[in-house]
1. For the stretch 24-53, which positions are open to solvent by less than 70 Å² (accessible area, probe 1.4 Å) and either among the charged types (D, E, K, R) or in contact with a Phe, Trp or Tyr (Cβ under 7 Å, 6 or more places away or on another chain) (or both)?
2. Give me the residue from the stretch 125-145 that is charged (D, E, K, R) and in a loop (DSSP other than H, G, I, E, B) and, out of that set, surrounded by the fewest Cβ atoms within 10 Å (Cβ to Cβ).
3. Can you tell me which residue within the stretch 40-52, out of those that are out of contact with any Leu (no Cβ under 8 Å at 6 or more places or on another chain) and of a type in the set (Gly, Ala, Ser), is modelled with the highest pLDDT?
4. Among the residues of the stretch 54-99, write down those that are over 29 Å from the mean Cα position of the chain (by Cα), surrounded by fewer than 12 Cβ atoms within 10 Å (Cβ to Cβ), free of Cβ contacts under 8 Å to residues at least 12 places away in the same chain and assigned to a helix (DSSP H, G or I).
5. Kindly list the number of the only condition in (1) out of contact with any helix residue (DSSP H, G or I) (no Cβ under 7 Å at 6 or more places or on another chain); (2) modelled with pLDDT under 85 that fails for residue 170.
6. For the condition within 16 Å of residue 115 (Cα to Cα), among the hydrophobic types (A, V, I, L, M, F, W, C) and at pLDDT 85 or above, what is the one hit in 203, 246?
7. Could you please find all residues in the stretch 268-284 being surrounded by 24 or more Cβ atoms within 10 Å (Cβ to Cβ) and at pLDDT 85 or above?
8. Is it the case that residue 114 is among the β-branched types (Val, Ile, Thr), at pLDDT 85 or above and open to solvent by less than 40 Å² (accessible area, probe 1.4 Å)?
Amino acid sequence: MVTILRLLGRRLAALPLMILGITLLVFLVLQAAPGDQASSALGDGASEEAKQQYRQENGLNDPLVIQYFSFLGKLLQLDLGVTTPPAKSVASMIGSAFPLTLQLTFLGVLIAIVLSLTFGILGALYRDKWQDQLVRVFSIAAIATPSFWLGILLIQWFALGASPLFPSGGIATPESGFGGWLNSMALPALALGIPVSASLIRVVRTSMVEELDRDYVRTAIGNGVPYREVVSKNVLRNALVTPVTVLGLRVGYLLGGAVVIEMIFALPGMGQLILNGITNLDVNLVQGVVLTISVTFVLVNIVVDLLYLLINPRIRTV
């Protein structure tokens, strides 16, 4: 427990520096983006005097250093600014959209974990047999399939036609209950999770094969320990360290992929916000969305570091 708290303390101590680096990178990239914020906010028909007044009121004429520190000061107060007219609070818009993106990402992660463990363990236990060959074919096909294209195929297969099984888009109303929510999220989650599971399947299979070839497995089986018990209690636990690492890195892809999938399935999540922000050159909205996703990715990787210690206690002594 002390080791876990020590690791958590180190990660949290480094968190402000990472967030500072993220804010600086996002700020500089958006400042270098083409376009004029004043023209986007007031329209191309606005007079030059009105544009100059807008720039003056919003600090756009200040040096970049002043603008950045002003941005940081507002961020410390959890003030992400307002959108271009009509003015709306960026924080409130993200607060409404981000839970849906988290829900979709969670379901995608869950599908990826179930598929990767099932097929990865199956391929390792039946190494070089027909079961393993089928697993390889599935993983290669899934890796080669972009999530957005898979989403379109799923809509054609299961949401269109005479007797659709799932809705083609949109989110269920609260009155529909958990069943309605799950029904509306099933296809987007599958489109998001299946391509990610493909790479994890190969990692799980490789890790399982390496552990099954170790001496302690042969020794345990030679001493009469049932093969099933050795696999479930020792081999699987030791083999999960590398897949957990890869999954933590893939969370960034899942969050970014969720934004694309949301647009295909017309889900009112972060994807709609960032598309509106880019289309309208709304710097505050784009900054808020990118920062939220980036900080979430950093926090998820802190959780992954803690999972290492829970999965493999030997790391605690390192």
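The values are calculated or read from the model by the stated rules, or taken from the named source; none is laboratory data. If you're wondering where the values come from, they're calculated on a predicted model, not measured in any experiment. We place every Cβ from the backbone using ideal geometry, glycine too, and count neighbours over all the protein chains shown. Accessible surface is based on the protein model in full, side chains and every heavy atom, while ligands, DNA and RNA are left aside. Shrake-Rupley method; radii C 1.70, N 1.55, O 1.52, S 1.80 Å.
1. Those that are open to solvent by less than 70 Å² (accessible area, probe 1.4 Å) and either among the charged types (D, E, K, R) or in contact with a Phe, Trp or Tyr (Cβ under 7 Å, 6 or more places away or on another chain) (or both): 27, 36, 38, 41, 51.
2. 128
3. Here is the first cut: in the stretch 40-52, the residues out of contact with any Leu (no Cβ under 8 Å at 6 or more places or on another chain) are 41-49, 52.
Pick out the ones that are also of a type in the set (Gly, Ala, Ser) and you get 41, 43, 45-47.
Numbers: 41: 70, 43: 68, 45: 70, 46: 72, 47: 76.
Only one residue fits best here, namely 47.
4. Selection gives 57, 65, 66.
5. Exception for residue 170: condition (1).
6. 203
7. 269, 270, 273
8. Values: among the β-branched types (Val, Ile, Thr): yes; at pLDDT 85 or above: yes; open to solvent by less than 40 Å² (accessible area, probe 1.4 Å): no.
Taking the combined requirement at face value, the residue does not satisfy it.
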